[in-house]
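Working notes, beginning with the structure itself.
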């Protein structure tokens, strides 16, 4: 299968994602978001969660905040 064939198959889904401001590579952060939500459910402080996730996923706290904000946004 060529790239064009793959794009044609997923065209409508890709359009929907684009219209909802969902990045194609956001799937790589699903586990991070699930970890965040689990820690929030356990009532940990946000600053503590950010520090733990920053260390675990080797990214800055501000990047993690952006990911969390993007994943928490309602889809229109």
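The values are calculated or read from the model by the stated rules, or taken from the named source; none is laboratory data. What you are looking at is a predicted structure, and each value in this text was computed from that prediction instead of being measured. Heads up, the Cβs are rebuilt from the backbone with ideal geometry, glycines too, and the neighbour counts pull from every protein chain shown.
Listed by first and then second residue, the pairs with beta-carbon distance under 7 Å, at least 6 apart or on different chains, first residue in segment 13-39 and at negative phi and without any contact (Cβ under 8 Å) to a residue 40 or more places away in the chain, second loosely packed, with under 10 Cβ neighbours inside 10 Å and outside any loop (DSSP other than H, G, I, E, B), are 17/24. What's the total number of residues in segment 60-76 that are exposed (fewer than 15 other Cβ atoms within 10 Å of the Cβ), touching a residue at least 24 places away in the same chain (Cβ under 8 Å) and outside any loop (DSSP other than H, G, I, E, B)? The number of residues fulfilling the criteria is 1. Looking across segment 36-56 at every residue that is under 14 Å from the mean Cα position of the chain (by Cα) and surrounded by 16 or more Cβ atoms within 10 Å (Cβ to Cβ), the one that is nearest to residue 73 (Cα to Cα) is identified as 36. Based on what the data block shows, is residue 17 assigned to a helix (DSSP H, G or I), surrounded by 12 or more Cβ atoms within 10 Å (Cβ to Cβ) and out of contact with any helix residue (DSSP H, G or I) (no Cβ under 6 Å at 6 or more places or on another chain)? Yes, satisfied.
Results for (1) touching a helix residue (DSSP H, G or I) at 6+ places or on another chain (Cβ under 6 Å); (2) at pLDDT below 95; (3) under 22 Å from residue 21 (Cα atoms), shown as yes or no for each residue.
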| residue | (1), (2), (3) |
| --- | --- |
| 34 | no, no, yes |
| 38 | no, no, no |
| 42 | no, no, no |
| 47 | no, no, no |
| 50 | yes, no, no |
| 53 | yes, no, no |
| 56 | no, no, no |
| 68 | yes, no, yes |
| 74 | no, yes, yes |
